[in-house]
1. At 0.36 nm per residue, minus the direct Cα-Cα distance, what do residue 98 and residue 15 gain on full extension? Give it in nm, one decimal, please.
2. Tell me, how many Å apart are the Cα centres for the stretch 95-165 and for the stretch 181-212?
3. Using only alpha carbon positions, build the gyration tensor of the stretch 5-208, then give the equivalent ellipsoid semi-axes as the square roots of 5 times its eigenvalues, largest first, whole angstrom.
4. Hey, any idea what Rg/Rh is for the stretch 95-212, computing Rh the Kirkwood way over Cα pairs?
5. Given the Cα-Cα distance of residue 197 and residue 141 and 0.36 nm per residue of separation, how much length would full extension add, in nm?
6. Length gain on complete extension for the stretch residue 204 to residue 23, per 0.36 nm per residue less the alpha carbon to alpha carbon distance?
7. Which value at 222 nm does the chain reach when only helices count, each DSSP H run of 4 or more adding -39,500 (n - 2.57), with the total divided by all residues and rounded to the nearest 500 deg cm²/dmol?
8. Please determine, in degrees from 0 to 90 and to the nearest 10, the orientation of helix 30-53 with respect to the longest principal axis defined by the Cα atoms of the chain, where the helix direction is its Cα long axis.
Ligand code: HEM
Ligand code: HEM
């Protein structure tokens, strides 16, 4: 199997939480925004840990490749001679890191972001580093404009893989796919438990803030 169950649940949960956070943030629906944003925080915490202890294809050391491998893959891509990779391809890996970093920055800055009217974010409520509230809120505002372009690039790259190379990457992220050269997934139960703990723990931060 290419993508184990915890990684797939992470991905589709992440799609829902980022889309939900973006739309509710733009509309000023703060209650919903807090839940979606905190869920994204929890999912990211899970993904960071899973990147060290998870299934082969989820591990950062396995999918992060050096400039040589990236360049070689790009040449094959252009010549249409690249083969279906058992996990992220070397260029896709860069996009994965960019998405995790951007969404991670949004999620962390959000923990200090208030709306200057009624809402104060969890870490402001508990008085953790109050001097960060201003700059974090400003970065939350600045960085949000990168979310749609990066997600659009991700979806366009998947479309290009389908049309240019005939690779069906999306169905593989749904079913897990076949990975004959890969070891079978280990620690699936532990991964699912970790996912629930991380998301539940992050969502419980909403108990610190009053609802409107
Ligand atoms: C808010 C929107 C989205 C975000 C933030 C997002 C984020 C990500 C991330 C972080 C990964 C890496 C997964 C991991 O290693 O854990 C990934 C991979 C993937 N995503 Fe998304 N994604 C989004 C939307 C979508 C949509 C709409 C689709 C399907 C049409 C999709 C299909 C995939 C697939 C197939 C992969 C694996 C690519 C590969 O084989 O290397 N994603 N995405
Ligand atoms: C990855 C997760 C997140 C995303 C993608 C996201 C996205 C957004 C977006 C698009 C806006 C509207 C910005 C604008 O139109 O100027 C926004 C505003 C806001 N976000 Fe987030 N956010 C996330 C996480 C969080 C978290 C975890 C919290 C707090 C718990 C939070 C608190 C806020 C607040 C209070 C605003 C309103 C700021 C204002 O009115 O000036 N966000 N966010």
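Here, each number is a calculation from the coordinates, and none is a lab measurement. Model, not experiment: these values are computed from the prediction. Counting neighbours? That spans all protein chains shown, and the Cβs are built from the backbone with ideal geometry, glycine included.
1. Here the segment from residue 98 to residue 15 would lengthen by 28.4 nm.
2. Value for the Cα centre distance between the two parts: 19 Å.
3. That gives 33, 20, 14 Å for the three semi-axes.
4. Radius of gyration relative to Kirkwood radius: 1.09.
5. Between residue 197 and residue 141, full extension yields an extra 17.3 nm.
6. 63.0 nm
7. For the chain, the value works out to -21500 deg cm²/dmol.
8. Helix 30-53 sits roughly 40 degrees off the main axis of the chain.
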